[in-house]
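Readers should treat all values here as calculations from the given coordinates under stated rules, not as data from a laboratory. None of these values were measured; they are calculated from a predicted model. Note that each Cβ is placed from the backbone with ideal geometry, even for glycine, and that neighbours are counted across all protein chains shown.
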Amino acid sequence: MAEVGEEIVGAYLKECLKCDFVEYNYDLGVKQAECDVVGIDVFHKKSYFCEVATHTGGFLYVHPRTKQPDNFGRLVRKFTQDSEFARRQLTDFQHVFMFWSPVVRGAGPSAKHNSLRDVERVRDHCRQELGIDIELVINEEYRRKLDQIRDLAGNKGSDSSFSIIRFLQIEEKLRKHLEQPGAR
C-alpha cells in the first residue's frame, strides 16, 4: 500500500503527466531493490522513476548500523538500481528520474550534515557517473507540484481514484463555498 507521499507522486504522474500506469514500491528484480513510484506513459514512451521521502521534519536517511546520516549513499544506491532497471527493461523509453521530498533543509557551508547539499551531490554524482539527470522535487518545487494537483482537483469531478485528489477537491470546494456571502 502506498503511503501518502507516494500517493501524491502517483497522482501527479497519473493526473498531471497522464501516465497510463503507476505502480508503488515496484520490485526491480534485484535483491532488496524497489522503486517507490514508477509511472509509464506508453504513447510518449516515457518512464518515470521516483524516489520519495516524506519526512515532514526534514529529509534525513540514517544508516541502520552506524546510526549516521546516509542520504548520499542510500539515494545513489536507489538511483543506480532504478537506472540499471530502466536501461535493461525499458530500452525504447525515455527515462525520467525524480526525487520527491517536501522538506529538505540546508545548513551553513561548513556544517557536517546538510540534507540539501546531500541531494545536490546525489544529482551531480548521478549526472557524472550514471549519465542520468535527477529532477529534485523538493521544498518550493514540491509545493508547485502539489499546487498543480490542487488546481486539477478543484476543476475535476469526483471520479478520481486517488484519495489525495478527493481530499484536495473537498478542500477546494469548501474554500469556494466559504467565500460565498452568507456561507457559514
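Taking θ as phi - 60° and the Karplus parameters 6.51, -1.76 and 1.60, the scalar couplings of the range 102-117 work out to x, 10, 10, 8, x, 8, x, x, 9, 5, 5, 10, 8, 5, 5, 4 Hz in sequence order, x denoting glycine and proline.
For the range 4-178, the relative contact order works out to 20 percent when only alpha carbon pairs closer than 8 Å and six or more residues apart are counted. When Rg and the Kirkwood Rh are both derived from Cα coordinates, the Rg/Rh ratio for the chain amounts to 1.02.
For the chain, modelled as a GNM whose springs connect Cα atoms under 10 angstrom apart, the maximal fluctuation among GLN32, GLN169, GLN94 occurs at GLN32. Annotation for ASN155 and ARG77: the two label points, set 7 Å from Cα along the Cα-Cβ direction, are 4.3 nm apart. Rounded, prolate or oblate for the range 10-50? Axes are the square roots of the Cα gyration tensor eigenvalues, ordered a ≥ b ≥ c, and the cut-off for rounded is a/c under 1.5. In terms of gyration-tensor shape, prolate.
Rounded, prolate or oblate: which one fits the range 93-162, using the alpha carbon gyration tensor with axes a ≥ b ≥ c (rounded when a/c is under 1.5, else prolate when a/b beats b/c, else oblate)? It is oblate, given that a/c is not under 1.5 and a/b is not larger than b/c. For the chain, a Gaussian network of Cα nodes joined below 10 Å ranks LYS145, LYS46, LYS67 by mean-square fluctuation, and the top entry is LYS67. The fewest-to-most ranking of LYS176, LYS14 by surrounding Cβ atoms within 10 Å reads LYS176, LYS14.
Arranged from fewest to most other beta-carbon atoms within 10 Å of their beta carbon, GLU141, GLU15, GLU179 become GLU179, GLU141, GLU15. Springs between Cα atoms under 10 Å define the GNM used for the chain, and in it the highest mean-square fluctuation of CYS35, CYS16, CYS126 occurs at CYS16.
For ASP124 and GLN68, what is the calculated FRET efficiency with R₀ set at 30 Å and r taken between the beta-carbons, to the nearest 0.05? With a Förster radius of 30 Å, E is 0.90. With Cα atoms as the point set, the range 1-72 shows a radius of gyration and Dmax of 14.1, 45 Å.
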